[in-house]
1. Out of the residues in segment 126-142 meeting the condition of being out of contact with any Lys or Arg (no Cβ under 8 Å at 6 or more places or on another chain) and charged (D, E, K, R), tell me which one is least open to solvent (accessible area, probe 1.4 Å).
2. Within segment 52-71, which residues are modelled with pLDDT of 95 or more and part of a loop (DSSP other than H, G, I, E, B)?
3. Just for segment 103-125: of the residues that are open to solvent by 20 Å² or more (accessible area, probe 1.4 Å) and in contact with a helix residue (DSSP H, G or I) (Cβ under 7 Å, 6 or more places away or on another chain), which one is nearest to L22 (Cα to Cα)?
4. Take segment 14-46 and flag every residue that is open to solvent by 30 Å² or more (accessible area, probe 1.4 Å), touching a residue at least 40 places away in the same chain (Cβ under 8 Å) and within 24 Å of L144 (Cβ to Cβ).
5. For M88, only one of the following conditions fails: (1) open to solvent by 40 Å² or more (accessible area, probe 1.4 Å); (2) on the phi > 0 side of the Ramachandran plot. What is its number?
6. Do any residues in segment 114-133 that are closer than 14 Å to I99 by Cβ have Cβ atoms under 7 Å from those of residues that are surrounded by 14 or more Cβ atoms within 10 Å (Cβ to Cβ) and of a type in the set (F, W, Y), where the two are at least six apart or on different chains, and which pairs are they?
7. Looking at segment 47-71 only, could you name the residues that are among the hydrophobic types (A, V, I, L, M, F, W, C), surrounded by 19 or more Cβ atoms within 10 Å (Cβ to Cβ) and out of contact with any Gly (no Cβ under 6 Å at 6 or more places or on another chain)?
8. Return yes or no: is T56 among the polar types (S, T, N, Q), within 26 Å of K201 (Cα to Cα) and within 14 Å of the chain's Cα centre (by Cα)?
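The values are calculated or read from the model by the stated rules, or taken from the named source; none is laboratory data. It should be emphasised that the depicted structure is a prediction, and the values quoted were computed from it without experimental measurement. Cβ coordinates were reconstructed from backbone atoms using ideal geometry, including for glycine residues, and neighbour counts include every protein chain displayed. Ligands, DNA and RNA are stripped out before the accessible areas are found, and what is left, the full protein with its side chains, is counted by its heavy atoms. Shrake-Rupley method; radii C 1.70, N 1.55, O 1.52, S 1.80 Å.
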Amino acid sequence: KKKKIFKSFFSKKIIKDLPFVLTNSQKKVLEEINFDLKSNTRMFRIIQGDVGSGKTIVSLLSIANVKESHYQCALMAPTEILARQHYMLAKKIYEGSNISISFLTGKTPPSEKKEIMESLEKGNIDVVIGTHSLFQKKINFKNLGLIVIDEQHKFGVKQRSDLAKKGGMNCDVLLMSATPIPRTMMLSVYGDMDVSKITEKLKNR
């Protein structure tokens, strides 16, 4: 794959504006992800951490870096409620940056869906957040560079690979899980995957 080139311009600004300070654990995981994004090897990494440890923030900062390197990103969650939570957080965090975000689920009205699909294909949307609707065959990206999947164990292997195929060789994959996955199961389902752990809880949340 092609290396992603970015100076963390957006993500540094976002970190500065956050109402809390990132934990050392989050900073370390972000560094690991950035290293993968900037390498010639496709990232296949999972972030493990309890609910409230700030996995989503880390993935949204990674998305900002990928946007800076002129690629699109998709963030997928297993339920509409969770997807909407991520979308609201992303809107809040990306406020004031020129990162364009859209929300897409099975309930999106057809006319709006058509508009989103056209914008994704033209490359006018940087980040799309949604449910498994993002897998549909008729949804195409101009240049998908990162897929983030939350609570990935709730999706089938085929669904995951369908989404990854949309990005082709230049598409990195980041999974998030609050449930620790046993090493043996991980190998059988994912093959070789890097694990990042967020071990501290965010303060003042």
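1. Filtering segment 126-142 for residues that are out of contact with any Lys or Arg (no Cβ under 8 Å at 6 or more places or on another chain) and charged (D, E, K, R), the one least open to solvent (accessible area, probe 1.4 Å) comes out as K138.
2. Matches in segment 52-71: S69, H70, Y71.
3. Only one residue fits best here, namely F103.
4. E32, T41, R42, F44
5. Single failed check for M88: (2).
6. I129/Y87; I129/F103
7. Of everything in segment 47-71, those that are among the hydrophobic types (A, V, I, L, M, F, W, C), surrounded by 19 or more Cβ atoms within 10 Å (Cβ to Cβ) and out of contact with any Gly (no Cβ under 6 Å at 6 or more places or on another chain) turn out to be I47, I57, V58, L60, L61, I63, A64.
8. Yes.
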